[in-house]
């Protein structure tokens, strides 16, 4: 991406076999506990692309570093660039523009959705939050399972690093934001055996209470879900089709009733 306001950003683009005219454009932020840089293969991005989307996965930590607010600034700059869909070379004027992310990337996606609401009204059509990392206090009941999948220390280090610039802005920890009405419709995904389950579902509930249209799905335990963001799991991963199916349904929802979904 050469014309992004903050300068060139490396990205990998996934396109499913079904993509075509009017295909949704997804700006997808990878996980990695706020610590990972570089472009790697993303099974989640591939699963979204299988639904007919064009998925751009940027190396959002590389240009300015990975301490808040720099990753968010990069993410929002890329979003602004893609919002001018006819100039982006991706999709066309009929393409939905959606931000998405897993784990730490889900945090960035939620932050971009807030900033889009505040500065670029109606340019964002939806947000997909896949076990987003939202609670810097790590105080939920489900987070107690983090030791079992080898993620507690990594998440602790990640939060400490991401917030080391000082303070805790609502864009950095969306679960602490007091004003969440008016953001784009959300698809929220997690699993019963996910340590991030409680903060994910708690945020989904708050969005819904604020009048945001929310589609959510909780996979049963045993799908290998923690492997999605690098956690250890004794189960074989079989969540890919669920992500594809849920995203297809989400696109149908926001395509058929975009105004109602944003205002009810």
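The values are calculated or read from the model by the stated rules, or taken from the named source; none is laboratory data. These numbers come from a predicted model, not from an experiment. Every residue, glycine among them, receives a Cβ derived from its backbone with ideal geometry; neighbour counts consider all protein chains shown.
Does residue 31 fit the bill of being within 23 Å of residue 252 (Cα to Cα) and part of a loop (DSSP other than H, G, I, E, B)?
Working: within 23 Å of residue 252 (Cα to Cα): no; part of a loop (DSSP other than H, G, I, E, B): yes.
Answer is no for this residue.
Just one of the listed residues (164, 142, 160, 131) is closer than 18 Å to residue 204 by Cβ and surrounded by fewer than 22 Cβ atoms within 10 Å (Cβ to Cβ), namely 142.
Considering only residues that are under 25 Å from residue 243 (Cβ atoms), touching a helix residue (DSSP H, G or I) at 6+ places or on another chain (Cβ under 7 Å) and in a loop (DSSP other than H, G, I, E, B), which ones fall in the stretch 79-97?
Quick first cut of the stretch 79-97, residues under 25 Å from residue 243 (Cβ atoms) only: 79, 82-83, 85, 88, 90-92, 94-97.
Those still in the list that are touching a helix residue (DSSP H, G or I) at 6+ places or on another chain (Cβ under 7 Å) too: 79, 82, 88, 90-92, 95-97.
90, 91, 92, 95, 96, listed by residue number.
For the stretch 173-189, a tally of residues being crowded, with 20+ Cβ neighbours inside 10 Å and part of a loop (DSSP other than H, G, I, E, B) returns 5. Among the residues making up the stretch 103-134, those that are over 25 Å from residue 15 (Cα atoms), modelled with pLDDT of 95 or more and assigned to a loop (DSSP other than H, G, I, E, B) are 133, 134.
Take residue 100 and tell me if it is within 24 Å of residue 202 (Cβ to Cβ), assigned to a strand (DSSP E or B), in contact with a strand residue (DSSP E or B) (Cβ under 7 Å, 6 or more places away or on another chain) and modelled with pLDDT of 95 or more. Explain how you work it out, then say what you get.
On the way: within 24 Å of residue 202 (Cβ to Cβ): yes; assigned to a strand (DSSP E or B): yes; in contact with a strand residue (DSSP E or B) (Cβ under 7 Å, 6 or more places away or on another chain): yes; modelled with pLDDT of 95 or more: yes.
Spelling it out, residue 100 is indeed within 24 Å of residue 202 (Cβ to Cβ), assigned to a strand (DSSP E or B), in contact with a strand residue (DSSP E or B) (Cβ under 7 Å, 6 or more places away or on another chain) and modelled with pLDDT of 95 or more.
Within the option set 48, 35, being within 26 Å of residue 151 (Cβ to Cβ) and buried (at least 20 other Cβ atoms within 10 Å of the Cβ) holds for one residue only, 48. Can you tell me which residues in the stretch 50-66 are closer than 21 Å to residue 96 by Cβ and touching a helix residue (DSSP H, G or I) at 6+ places or on another chain (Cβ under 6 Å)? Residues satisfying the conditions are 50, 51, 55, 57, 58, 60.
How many residues does the stretch 143-172 contain that are in a loop (DSSP other than H, G, I, E, B) and either touching a strand residue (DSSP E or B) at 6+ places or on another chain (Cβ under 6 Å) or touching a residue at least 60 places away in the same chain (Cβ under 8 Å) (or both)? Write out each step before concluding.
From the stretch 143-172, those in a loop (DSSP other than H, G, I, E, B) are 150-151, 163-172; that's our starting set.
So of that shortlist, the ones also either touching a strand residue (DSSP E or B) at 6+ places or on another chain (Cβ under 6 Å) or touching a residue at least 60 places away in the same chain (Cβ under 8 Å) (or both) come out as 150-151, 163-165, 169, 171-172.
Of the residues in that region, 8 qualify.
Of the residues making up the stretch 190-245, those that are closer than 18 Å to residue 127 by Cα, part of a loop (DSSP other than H, G, I, E, B) and in contact with a helix residue (DSSP H, G or I) (Cβ under 6 Å, 6 or more places away or on another chain) number 1.
Screening residue 232 with (1) loosely packed, with under 14 Cβ neighbours inside 10 Å; (2) within 19 Å of the chain's Cα centre (by Cα) gives one miss only, at (2).
Pick from 109, 113, 123: which is in contact with a helix residue (DSSP H, G or I) (Cβ under 8 Å, 6 or more places away or on another chain) and buried (at least 24 other Cβ atoms within 10 Å of the Cβ)? Walk me through how you get there before you give the answer.
On the way: 113 fails: in contact with a helix residue (DSSP H, G or I) (Cβ under 8 Å, 6 or more places away or on another chain); 123 fails: buried (at least 24 other Cβ atoms within 10 Å of the Cβ).
After applying the criteria, what remains is 109.
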